[in-house]
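K.L.:
I have a structure I would like to understand better, so I am pasting it below and will then ask my questions one at a time.
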Amino acid sequence: MKIAVSPNPPWKMQDENEQFEGAEIEMFNYLAEKLNFEIQFKIAPFKRCLYYMEKGTADMMVGIFKNPEREIYIEYVEPPYKSRSDKSFYVLKGKKEMIRTYEDLYDLKIGMKNGVKYFPRFDADTKVKKDTVNENSLNIGKILTGRIDTFVVTSDFGDYMLRQAGATDKIEKAEFGYSKRNPVYIGISKKSPWMNRVGEVKSAVREMIESGTLDRIFADFFEKHNLPVPEYK
């Protein structure tokens, strides 16, 4: 099973030995045992992972939202394993009031990760000044040196990233953020031979969620790493 992975701590990340770990990696380890497959990770930026899925050189991907463009080449595994993925805009400490409403974004240069969808209005808005990077962590340096005014990222990853960088005293969340429910899925490439077992995969995911197994997997991972459990339901 070839799984396309774009690092997104604390859900997907590499440890000091360059081994992959994370709450979603533990979820895949459980499914691998349940469905009797071996995992081979294909590590790449998010947009490249989508390319792998489109071409069928990866079988599965995790942490994706539904949209019409992706549904052409991705089979979404129902039910979604997360029901929300809050987005925050981060600004320099003391400037959180700079972004109180969506309209405040129009005066700013906003850092974001290449190929990522955040929320419908922002994704479709061509008037917002967007500055893309291949890795979210690059935006910390850019905002500290004044090359961007703010950056947008999933809230749990943003908080983790700031703690790891020792920047919690320099950067904070703006008042405005996006917190509506936004289901997050496992996806199967429609060119993958695993499409022949899609019903089996969906049944395993449903059982994992409804039995409470997924909650235990996530709770155990975050407790082990002394991290708060993010809002994901």
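K.L.:
Of everything in segment 124-158 that's of a type in the set (Asp, Glu) and either crowded, with 20+ Cβ neighbours inside 10 Å or modelled with pLDDT of 95 or more (or both), which residue is farthest from Ser83 (Cα to Cα)? Give the steps one after another, and end with the answer.
P.N.:
So the first thing to find is which residues in segment 124-158 are of a type in the set (Asp, Glu), and the list is 125, 131, 135, 149, 156.
After this cut, where a residue has to be either crowded, with 20+ Cβ neighbours inside 10 Å or modelled with pLDDT of 95 or more (or both) as well, the list is 125, 131, 149, 156.
Working: Asp125: 24, Asp131: 28, Asp149: 30, Asp156: 14 Å.
Ranking the candidates gives Asp149 first.
K.L.:
Collect the residues in segment 10-24 that are buried (at least 21 other Cβ atoms within 10 Å of the Cβ) and either over 16 Å from Gly63 (Cβ atoms) or not aromatic (Phe, Trp, Tyr) (or both), keeping them in residue-number order.
P.N.:
Within segment 10-24, Pro10, Lys12, Gly22, Ala23, Glu24 meet the criteria.
K.L.:
Which condition number in (1) outside the structural domain of Arg206 (by TED's automatic domain parsing); (2) in contact (Cβ under 8 Å) with a residue 40 or more places away in the chain is the one that Ile188 fails?
P.N.:
With (1) outside the structural domain of Arg206 (by TED's automatic domain parsing); (2) in contact (Cβ under 8 Å) with a residue 40 or more places away in the chain applied to Ile188, the lone miss is (1).
K.L.:
The conditions are (1) out of contact with any Leu (no Cβ under 9 Å at 6 or more places or on another chain); (2) in the same structural domain as Trp11 (by TED's automatic domain parsing), and Met112 fails exactly one of them. Which is it?
P.N.:
Among (1) out of contact with any Leu (no Cβ under 9 Å at 6 or more places or on another chain); (2) in the same structural domain as Trp11 (by TED's automatic domain parsing), Met112 violates only (2).
K.L.:
Specify the residue that is modelled with the lowest pLDDT; the eligible residues are those in segment 97-116 that are surrounded by fewer than 18 Cβ atoms within 10 Å (Cβ to Cβ) and within 23 Å of Gly63 (Cβ to Cβ).
P.N.:
Filtering segment 97-116 for residues that are surrounded by fewer than 18 Cβ atoms within 10 Å (Cβ to Cβ) and within 23 Å of Gly63 (Cβ to Cβ), the one modelled with the lowest pLDDT comes out as Gly115.
K.L.:
When you go through Lys42, Lys66 one by one, which is the residue that is assigned to a strand (DSSP E or B) and either free of Cβ contacts under 8 Å to residues at least 12 places away in the same chain or not β-branched (Val, Ile, Thr) (or both)?
P.N.:
Answer to the check: Lys42.
The values are calculated or read from the model by the stated rules, or taken from the named source; none is laboratory data. Everything numeric in this text was worked out from a predicted model, so none of it was measured. Don't worry about glycine lacking a Cβ; one is built from the backbone with ideal geometry, like all the others, and counts go over all protein chains shown.
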